[in-house]
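Here is the structure we will look at.
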Amino acid sequence: MGILGLPLYGTDLGTAIEATEKLLAKIKSGKYDKETLIELAKANTEIISYAVQHED
């Protein structure tokens, strides 16, 4: 998944973090909608999932 103009995430942690940063920038600029928030939740879930799986 991913939204137009943003990379697809889910392949690695770096990509998920990059997507989150871009989505946060969009939210900070005030140019976001419901879909942006849903994409942010998905990217954050990907980051948390990685952290839980690679917890040492």
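The values are calculated or read from the model by the stated rules, or taken from the named source; none is laboratory data. All values reported here derive from a predicted model rather than from experimental measurement. All Cβ positions, glycine included, derive from the backbone under ideal geometry; neighbour counts span all protein chains shown. Ligands, DNA and RNA are excluded from the accessible area calculation, which covers all protein heavy atoms including side chains. Shrake-Rupley method; radii C 1.70, N 1.55, O 1.52, S 1.80 Å.
Figures for the structure shown
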| read-out | value |
| --- | --- |
| Test for ASP33: is it out of contact with any Lys or Arg (no Cβ under 6 Å at 6 or more places or on another chain) and at pLDDT below 90 | no |
| Hey, ILE48 open to solvent by less than 40 Å² (accessible area, probe 1.4 Å), modelled with pLDDT under 95, under 12 Å from the mean Cα position of the chain (by Cα) and of a type outside the set (Phe, Trp, Tyr) or not | no |
| Tabulated pairs, the stretch 20-34, first closer than 20 Å to GLU46 by Cβ and without any contact (Cβ under 8 Å) to a residue 60 or more places away in the chain, second open to solvent by less than 90 Å² (accessible area, probe 1.4 Å) and of a type in the set (Asp, Glu), C-beta under 8 angstrom, 6+ apart or interchain | LEU23/GLU39 |
